[in-house]
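> The structure follows.
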Ligand SMILES: N[C@@H](CCC(=O)N[C@@H](CS)C(=O)NCC(=O)O)C(=O)O
Ligand SMILES: [Fe+2]
């Protein structure tokens, strides 16, 4: 039987090279947003909702009905707009259930005993194999750890939202060196994605536009198998991934972003002067650029 073919629209966020998605059931026009970005300028500490508002404007112009606000993992390079979108639309949010383990890791790093580490900030925590619907479109969750230990892939009809596992075939794979990351787990997650039917449309979480080419984000399982150098040899993957990761600085705003994203995209509460502040741990990691 042919899988359902959802409508998928990607929104590229230049600052972090992230792709945010709207996936819709063509029969009912019900849709979900995946990995929305809350704009953040770390130089001035400013937050804005331009990216998220553009997605809402698209949904309104297409007369779609939003049913889910989904994240694939707690992002290290941008703020999630999940909390903002929930506040504006009232629609439920969800993420992978193992986010609680990532919360526990970062609660220690941030020295924030008050941080809730039970995942209660989201409306639903997805386990491997969970099913849910977008209109009449049935979706399935695959646990895809490696980049983070909570990462999940959403499979909706013939489309899979594979976030930071594989990038476009010319860009290889995601890194696996964040706290809780693991290159061997990432290899298993990639192998499971490549077990999907060859014509499955794969939508990646980032595109860093190698050599300045146009941003793109859609490939297929068959194309990844044929063209992505990182999936050619499983034995080499873990070794070469670890070697490359050892050379990568942490994302510019990782320490800013995780305290927000592990609170489902909620900014810290304002202090007595009405201003919100982020907390940055000093000397928590030995990966400084010097
Ligand atoms: N330069 C970027 C790096 C972002 C980054 O590390 N991205 C992750 C995904 S969240 C990744 O897998 N990058 C692969 C790579 O840089 O090779 C930043 O500072 O934000
Ligand atoms: Fe990521």
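The values are calculated or read from the model by the stated rules, or taken from the named source; none is laboratory data. Only a predicted model underlies this, so the values are computations on that prediction, with no experimental measurement involved. Cβ sites come from the backbone with ideal geometry, for glycine too, and all protein chains shown count toward neighbours.
> Within the group 113, 179, 145, which residue is in contact (Cβ under 8 Å) with a residue 60 or more places away in the chain and either touching a strand residue (DSSP E or B) at 6+ places or on another chain (Cβ under 9 Å) or closer than 25 Å to residue 261 by Cβ (or both)?
Exactly one residue qualifies, and that residue is 179.
> Of all residues in region 68-91 being buried (at least 24 other Cβ atoms within 10 Å of the Cβ) and either under 10 Å from the mean Cα position of the chain (by Cα) or within 19 Å of residue 146 (Cβ to Cβ) (or both), which is farthest from ligand 1 (Cβ to nearest atom)?
70
> Looking only at residues in region 31-49 that are assigned to a strand (DSSP E or B) and within 18 Å of the chain's Cα centre (by Cα), which one is farthest from residue 133 (Cα to Cα)?
Filtering region 31-49 for residues that are assigned to a strand (DSSP E or B) and within 18 Å of the chain's Cα centre (by Cα), the one farthest from residue 133 (Cα to Cα) comes out as 40.
> Identify, from the list 185, 177, 164, the residue that is farther than 16 Å from residue 204 by Cα, within 12 Å of ligand 2 (Cβ to nearest atom) and either modelled with pLDDT of 95 or more or touching a helix residue (DSSP H, G or I) at 6+ places or on another chain (Cβ under 8 Å) (or both).
Every option except 177 fails the conditions.
> Moving on. Please count how many residues of region 158-174 are surrounded by fewer than 21 Cβ atoms within 10 Å (Cβ to Cβ) and either in a loop (DSSP other than H, G, I, E, B) or more than 15 Å from ligand 1 (Cβ to nearest atom) (or both).
2
> Quick one: in region 204-214, of everything that is part of a loop (DSSP other than H, G, I, E, B) and more than 16 Å from ligand 2 (Cβ to nearest atom), which residue is farthest from residue 20 (Cα to Cα)?
It comes out as 213.
> So which residues in region 37-47 are within 16 Å of ligand 2 (Cβ to nearest atom) and touching a residue at least 60 places away in the same chain (Cβ under 8 Å)?
38, 40
> Only one of these is more than 12 Å from ligand 1 (Cβ to nearest atom) and surrounded by 14 or more Cβ atoms within 10 Å (Cβ to Cβ): 21, 40. Name it.
Criteria check complete, one pass: 21.
> Residue 27 - would you say it is without any contact (Cβ under 8 Å) to a residue 24 or more places away in the chain and over 24 Å from residue 124 (Cα atoms)?
no
> Oh, and also: Could you check how many residues of region 229-255 are away from ligand 2 (no atom under 14 Å from the Cβ), closer than 30 Å to residue 276 by Cβ and either touching a residue at least 60 places away in the same chain (Cβ under 8 Å) or surrounded by 11 or more Cβ atoms within 10 Å (Cβ to Cβ) (or both)?
Of the residues in that region, 1 qualify.
> Something else about it: Consider residue 62 carefully, then state whether it is farther than 20 Å from residue 205 by Cβ, in contact (Cβ under 8 Å) with a residue 24 or more places away in the chain and more than 15 Å from the chain's Cα centre (by Cα).
Taking the combined requirement at face value, the residue satisfies it.
> At least 3 residues that are farther than 25 Å from residue 104 by Cβ, at pLDDT 95 or above and touching a strand residue (DSSP E or B) at 6+ places or on another chain (Cβ under 9 Å) in each: list the helices (runs of 4 or more DSSP H) lying fully within region 215-290 that qualify.
221-227
> So, one more: Could you give every pair whose Cβ atoms fall below 7 Å, whose first residue belongs to region 72-85 and is at pLDDT 95 or above, and whose second residue is near ligand 1 (Cβ under 8 Å from one of its atoms) and in a helix (DSSP H, G or I), counting only separations of at least 6 or pairs across chains?
Here the result reads 76/254; 77/254, each pair linking region 72-85 to a residue that is near ligand 1 (Cβ under 8 Å from one of its atoms) and in a helix (DSSP H, G or I).
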